[in-house]
Structure formats: C-alpha cells, structure tokens
Amino acid sequence: MLVKRENIKSLVDEIHKSGKTVVCTNGCFDILHVGHVRYLQKTKSFGDFCIVLLNSDKSVRSIKGPSRPINNENDRAEILSALRYVDYVVLFDEDSPKDLLDEIKPDVYTKGADYNMETLPEADIMKKNGTKVEFIEFVEGKSTTNTIAKMKQ
C-alpha cells in the first residue's frame with residue numbers, strides 16, 4: 001500500500017507501539033525482476049512489516065539520468081505493493097533516503113551486498129538510531145540495467 005510521506009512516521013510509531021518490528025529498504029525498482037523479488041523476500045524475513053522507500057521519478061532521473069525511469073513512480077509503487085513481501089511503499093524525492101530513515105527509525109535496514117558499513121551512505125543514521133543493517137547478496141546477472149541493455153540488442 002502506498003503511504004504518503006507525511007503519514008509514514010505515525011504508521012511506524014503505531015507498529016512499534018504494538019510490539020512489532022519494521023524493516024526498510026530503498027531503491028528505484030524500475031523494471032521488476034527476480035533479483036528484486038528475492039531481495040524483497042529476504043528483506044521481509046528480518047521484520048514484521050516491510051516498508052520500501054521508493055525513489056520518485058525526480059529522484060530516479062537525478063541518479064540514473066534523463067532516460068529513466070522506464071516506469072513511472074505510481075506504476076512502480078503499485079507493482080511493489082502487490083508483492084506479498086511488501087507491506088508499505090513510500091516515495092521520496094531526494095537522491096538518498098537518509099532523512100526519511102532518520103525520521104521513521106526502522107528496526108532493520110537492508111541494502112545490497114555491494115555496500116558495507118564503510119561505504120553505506122546511510123551508515124551514520126543507522127548507527128545514531130541503533131538500526132540493525134543487513135546486506136543482501138544480489139542474484140547474479142539480474143538488474144534493470146542488464147534488462148534495458150538486452151532490450152536494446
């Protein structure tokens with residue numbers, strides 16, 4: 001379910017009050033593939049509620065360039081929301097979800113294993129808030145960039 005950014009903190013607060021845990025991850029999730037699905041499945045395994053912080057179209061363009069995203073933010077949010085591993089989706093406009101993560105203070109944060117605590121842009125926020133970080137291995141050869149390249153052949 002897509003939740004407005006201004007409502008996510010109170011939702012997370014209610015989840016925490018009920019004694020449940022929140023796990024967050026973030027990304028563009030532009031062309032969904034099996035790597036995304038396995039990543040989100042693993043992410044969900046670390047908490048009771050999985051919240052995906054989804055880069056808005058503005059954010060994706062800033063990070064990936066003017067030809068992206070392929071799918072608009074509303075379509076990407078709806079597709080993610082349909083997955084059983086995803087409980088909530090929140091859009092953000094910045095290049096990094098640092099401010100949003102600092103606001104909602106999840107119990108667990110997942111990131112791809114191409115990062116570690118030394119290279120994780122959100123590491124300072126995670127340490128400050130006592131958020132546990134889990135790094136998830138990628139599925140070899142599965143990426144939106146690879147899918148787009150294959151389509152261009």
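The figures follow:
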{"item": "Set of aspartates and glutamates with alpha-carbon distance to Lys64 below 20 Å, sequence-local pairs under 8 removed", "result": "Asp30, Glu73, Asp75, Asp93, Glu94, Asp95, Asp114, Glu122"}
{"item": "Charged-residue dipole, Cβ positions (Lys, Arg, Asp, Glu), segment 1-99 about Cα centre, Debye nearest 20", "result": "300 debye"}
{"item": "Angle in degrees between helix 34-44 and the longest Cα principal axis of the chain, rounded to the nearest 10", "result": "0 degrees"}
{"item": "Links that overshoot a 28 Å alpha carbon limit, given the list Lys4/Lys150; Lys9/Lys150; Lys17/Lys127; Lys42/Lys105", "result": "Lys4/Lys150; Lys9/Lys150"}
{"item": "Simple label model, 7 Å out from Cα along Cβ direction - Ile70 to Glu6, nm", "result": "3.5 nm"}
{"item": "Linear extension gain, Lys58 paired with Gln153, 0.36 nm per residue minus alpha-carbon span", "result": "31.4 nm"}
{"item": "Positive-pole candidate from His36, Ile15, Met1, dipole of the chain, charges at beta carbon", "result": "His36"}
{"item": "Built amide H within the under 5 Å cut-off of Gly112, gap 5+", "result": "Ile136"}
{"item": "Extension reserve of the Ala113-Glu78 stretch, reckoned as 0.36 nm per residue once the Cα distance is removed", "result": "10.0 nm"}
{"item": "Label zone at Val37 (point 7 Å along Cα-to-Cβ), backbone N below 16 Å, segment 65-90", "result": "79-86"}
{"item": "Length-normalised contact order for segment 59-153 - Cα pairs under 8 Å, 6+ apart - percent", "result": "22 percent"}
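Values quoted throughout were computed directly from the atomic coordinates according to the rules given, and no laboratory measurement underlies them. Being a predicted model, the structure only gives us computed values, none of them experimental. Note: ideal-geometry Cβ built from the backbone for every residue, glycine included; neighbour counts use all protein chains shown.
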